[in-house]
Structure formats: C-alpha cells, structure tokens
C-alpha cells in the first residue's frame, strides 16, 4: 500500500511531460487495451499501469492548463473589454 501512495504523489516523468497530449492519449489507449487483454505477466502489467498513471496525470495537467488558458482568453475586465494576452507567454 505504501508503494501505491508513493506512486500517486510522483510528478509526471520528463518523458511523459515531453509528449503531446494527443500522443499521450494514444499511448494511454494502447496501454488500456493491453491491460484489458489480461494476457500479460504481472510485472509487465504493473509497469504498463505505472506508465498509464503517469500519462493520465500528464494529460490531466495539460487539460487543466488548456482550460485555464481558455478562461483567460474569455476574460472580460470591469469595463467590459476583453482581457487580451500574448499567446505563448505562459511557457506552454
């Protein structure tokens, strides 16, 4: 159980963070299909599960960032003017 708690608090790896959202989502789908097949040895299943958790966290983080960006783009100041910011200045 301690290992499961540790795994939950680990940040996404650099490899997972470097992947595009679409690539991560595609790989995650592949992992789910392989795990659902039920024909993998336990160790391989665990490794794939761990990779899947990292990918899911990375995808969730990217979705959260995109949602925040959309909210910023749709923002309006107190005078009713749109709040505009240059694209790409958030490092993502």
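Summary table
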item	result
Total residues in the stretch 58-78, condition more than 9 Å from the chain's Cα centre (by Cα) and either under 16 Å from residue 20 (Cα atoms) or loosely packed, with under 12 Cβ neighbours inside 10 Å (or both)	9
All positions within the stretch 35-45 that are within 23 Å of residue 22 (Cα to Cα) and surrounded by 12 or more Cβ atoms within 10 Å (Cβ to Cβ)	35, 45
Single condition residue 10 does not satisfy, out of (1) at pLDDT 90 or above; (2) surrounded by 10 or more Cβ atoms within 10 Å (Cβ to Cβ)	(1)
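The values are calculated or read from the model by the stated rules, or taken from the named source; none is laboratory data. The structure displayed is predicted, hence computed values, not measured ones. No Cβ is skipped: glycine too gets one built from the backbone with ideal geometry, and neighbour counts run over all protein chains shown.
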